[in-house]
Amino acid sequence: MIEYRNLRVAVLGGGSVGSQVASLLLEHREELAARAGAGLELVGVAVRNPDAARDTDIPRELITTDADALILGADIVVELIGGIEPARTLILGALGSGADVITANKAVLASHGPELFEAAEQVGAQLYYEAAVGGAIPIIRPLRDSLAGDRVKRILGIVNGTTNYILDRMDTQGDSLEEALAEATRLGYAEADPTADIEGYDAAAKAAILASLAFHTTVPLDAVHREGITALTRDEVLSAREAGYVVKLLAVCERIDADGVEGVSARVHPALVPLSHPLAAVHGANNAVFVEAEAAGSLMFYGAGAGGVPTASAVLGDVVSAARRHVAGGPGVAESTHANLPILPISSATTRYHVILEVADEPGVLATIAQLFSEHDVSVEAVSQTVPDGQEGSRPTATLVIVTHEAAESALAATVTSLAASPVVSSVVSVLRVEG
Ligand code: NDP
Ligand code: HSE
């Protein structure tokens with residue numbers, strides 16, 4: 001048997017993920033070589049501060065601050081710096097020199113994906129990104145390869161470990177958002193700037209990647225509707241549980257029919273998930289992606305969505321794939337964007353809603369509220385009312401919880417505007433979508 005030459009692997013970034021990838025490349029050298037069909041030689045790890053403490057022992061002689069020099073002559077470049085620059089320029093430089101590139105960087109993929117995929121295609125190289133969505137969970141390959149013969153209808157994903165961890169702690173331990181975020185940061189789940197997690201930017205980038213793959217259409221980041229979890233209160237989380245739901249930050253990617261036009265919609269927002277739905281059982285920093293496909297039916301991909309070691313597993317899977325491609329020869333596989341479906345705004349989406357109102361506790365109020373929903377073509381599925389004990393003052397109030405049937409976002413928005421303006425409504429306390 002002809003032995004293939006050693007492949008030179010450069011790792012850019014030696015942080016939570018990069019340090020684990022470097023260590024595993026060294027530790028599992030022989031096993032990886034057997035699987036890849038070629039030796040994988042770690043030629044260096046580029047960092048910003050060579051003297052910083054690392055999570056793993058990387059030999060000092062492999063550490064460098066010169067990422068540009070490191071990628072020259074590498075066969076495989078692993079980008080684990082994160083953010084847009086210098087990651088984008090380094091990826092383009094690596095692809096330009098003919099190297100295959102592996103990245104876990106959803107931010108750069110969601111904002112510059114077409115440019116990077118085009119650069120790879122031009123030189124016949126390949127850009128791999130299994131770790132960019134769902135950490136350790138295999139979801140990119142299933143969408144790109146296993147489901148290539150099917151039609152994906154919808155994806156519901158818990159794709160941000162930090163926010164799932166925070167919401168879970170608020171729900172089960174009574175933590176505040178700030179307390180839970182501090183712990184998620186300590187555990188290495190959060191982004192360098194955790195605003196990316198809690199304001200939904202990280203999940204929106206992942207939604208753009210998933211929707212692009214699933215619907216064979218480039219979905220730009222700015223087409224993803226985004227809401228984070230910072231406006232959520234612990235009371236909302238607790239009252240959701242009492243009503244039989246759990247609050248999750250969801251990425252929802254759908255193929256929808258808007259007035260006879262088939263299009264794609266992608267949105268990220270907190271949502272109520274029924275406790276009976278598989279996504280409700282996703283705790284801690286775990287992620288899960290629930291895929292509904294025409295022929296396959298419902299599939300769920302579940303596992304560790306963040307953390308250095310789990311993410312390194314997905315990165316190393318890509319390293320082995322890239323090495324096998326080198327050994328087998330032939331060009332990389334281009335991204336499929338052939339469907340080029342229109343991207344529809346969130347106003348075209350339909351879902352159910354859970355609305356909490358504080359209203360006057362007077363005769364006729366329920367009828368007035370029901371009329372406002374009906375005027376905007378939003379059908380009410382369930383209503384419950386509680387009246388606080390011991391109210392003082394001339395105008396007692398009641399709390400109404402209303403769950404709607406499926407309705408258009410635009411219809412619900414118009415209903416909420418009317419409710420807020422109605423003299424019988426003291427306040428619109430909460431409006432959350434119900435998914436799954
Ligand atoms: P870290 O912030 O822990 O590490 C970033 C690394 O990049 C550090 O080693 C830093 O060097 C290095 N770096 C920064 N700027 C430069 C530069 N200009 N030149 C060379 N090196 C530089 O990030 P993570 O490891 O957490 O994340 C890496 C990527 O993986 C990101 O894209 C992230 O979104 C993604 N990801 C992370 C997950 C996680 O759980 N952490 C999960 C899934 C994906 P120094 O150490 O000297 O500061
Ligand atoms: N900050 C991200 C998260 C890391 O919490 O999910 C994984 O992409």
Subset of the stretch 26-57, residues within 14 Å of ligand 1 (Cβ to nearest atom) and either within 14 Å of Ala74 (Cβ to Cβ) or open to solvent by 70 Å² or more (accessible area, probe 1.4 Å) (or both), comes to Gly44, Val45, Ala46, Arg48, Asn49, Asp51, Ala53, Asp55
Which pairs do you get when a residue that is closer than 20 Å to Arg226 by Cβ, found in the stretch 175-198, comes within reach of a residue that is open to solvent by 60 Å² or more (accessible area, probe 1.4 Å) and more than 10 Å from ligand 2 (Cβ to nearest atom), reach meaning Cβ atoms under 6 angstrom, with the pair 6+ apart or on two chains? Ile198/Thr230
Of the residues in the stretch 144-179, those that are within 16 Å of ligand 1 (Cβ to nearest atom) and of a type in the set (A, V, I, L, M) come to Ile158, Val159, Ile166
Name the single residue, out of those in the stretch 86-104 being surrounded by fewer than 24 Cβ atoms within 10 Å (Cβ to Cβ) and closer than 26 Å to Gly200 by Cβ, that is nearest to ligand 2 (Cβ to nearest atom). Ala87
Please go through (1) closer than 24 Å to Ala240 by Cβ; (2) surrounded by 13 or more Cβ atoms within 10 Å (Cβ to Cβ); (3) touching an Asp or Glu at 6+ places or on another chain (Cβ under 9 Å) for Val355 and return the number of the only condition it doesn't satisfy. (3)
For the stretch 380-407, how many residues meet the condition of being open to solvent by 60 Å² or more (accessible area, probe 1.4 Å), over 18 Å from Glu236 (Cβ atoms) and not in a strand (DSSP E or B)? 10
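Per-residue answers, yes or no, for (1) part of a loop (DSSP other than H, G, I, E, B); (2) among the charged types (D, E, K, R):
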| position | (1), (2) |
| --- | --- |
| Pro142 | no, no |
| Ala148 | yes, no |
| Leu156 | no, no |
| Thr163 | no, no |
| Asp175 | yes, yes |
| Leu181 | no, no |
| Thr185 | no, no |
| Asp197 | no, yes |
Residue hits (the stretch 411-436; of a type in the set (Ser, Thr, Tyr) and either touching a strand residue (DSSP E or B) at 6+ places or on another chain (Cβ under 7 Å) or open to solvent by 60 Å² or more (accessible area, probe 1.4 Å) (or both)) are Thr417, Ser426, Ser427, Ser430
Considering each of Ser23, Ser16 in turn, give the residue that is near ligand 1 (Cβ under 10 Å from one of its atoms) and assigned by TED's automatic domain parsing to the domain that holds Gly113. Ser16
Name, by its number, the condition in (1) of a type in the set (A, V, I, L, M); (2) within 20 Å of Ala271 (Cα to Cα); (3) in a loop (DSSP other than H, G, I, E, B) that does not hold for Ala190. (2)
Residues located in the stretch 170-192, provided they are over 14 Å from the mean Cα position of the chain (by Cα) and near ligand 2 (Cβ under 10 Å from one of its atoms): Ala184, Thr185, Leu187, Gly188, Ala192
Search result, residues across the stretch 180-204 that are more than 12 Å from ligand 1 (Cβ to nearest atom), more than 23 Å from Val252 (Cα to Cα) and either at pLDDT below 90 or open to solvent by 40 Å² or more (accessible area, probe 1.4 Å) (or both): Ala182, Glu183, Arg186
Hey, Leu372 hits all of (1) more than 21 Å from Tyr129 (Cα to Cα); (2) open to solvent by less than 50 Å² (accessible area, probe 1.4 Å); (3) touching a strand residue (DSSP E or B) at 6+ places or on another chain (Cβ under 6 Å) but one; which does it fall short on? (3)
Inside the stretch 59-81, can you point out the residues that are in contact with a Gly (Cβ under 8 Å, 6 or more places away or on another chain) and surrounded by fewer than 22 Cβ atoms within 10 Å (Cβ to Cβ)? Leu62, Ile63, Thr64, Asp68
Tell me, which residue of the stretch 205-225 that is more than 12 Å from ligand 2 (Cβ to nearest atom) and over 23 Å from Glu294 (Cβ atoms) is surrounded by the most Cβ atoms within 10 Å (Cβ to Cβ)? Val224
Out of curiosity, is Ser336 out of contact with any Gly (no Cβ under 7 Å at 6 or more places or on another chain) and at pLDDT below 95? yes
Tally of residues being away from ligand 1 (no atom under 15 Å from the Cβ) and in a strand (DSSP E or B) across the stretch 1-13: 3
Condition first: in contact with a strand residue (DSSP E or B) (Cβ under 8 Å, 6 or more places away or on another chain) and hydrophobic (A, V, I, L, M, F, W, C). Now tell me which residues in the stretch 332-363 satisfy that. Leu341, Ile343, Leu344, Ile346, Ala349, Val355, Ile356, Leu357, Val359, Ala360
Pull up the stretch 49-63, narrow it to residues that are within 28 Å of Arg324 (Cα to Cα) and in contact with a helix residue (DSSP H, G or I) (Cβ under 6 Å, 6 or more places away or on another chain), then point me to the one that is modelled with the highest pLDDT. Ile58
Kindly evaluate Ala131 against the criterion of being assigned by TED's automatic domain parsing to the domain that holds Ala231, within 16 Å of ligand 1 (Cβ to nearest atom) and part of a helix (DSSP H, G or I). no
Could you list, in sequence order, all residues of the stretch 275-304 that are in contact with a Phe, Trp or Tyr (Cβ under 6 Å, 6 or more places away or on another chain) and open to solvent by 10 Å² or more (accessible area, probe 1.4 Å)? Gly284, Ala285, Met300
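The values are calculated or read from the model by the stated rules, or taken from the named source; none is laboratory data. Since this is a predicted model, take the numbers as computed values, not measurements. Every residue, glycine as well, gets a Cβ built from its backbone with ideal geometry; the counts of neighbours run over all protein chains shown. In case anyone asks, the SASA skips ligands and DNA or RNA and just uses the protein heavy atoms, side chains included. Shrake-Rupley method; radii C 1.70, N 1.55, O 1.52, S 1.80 Å.
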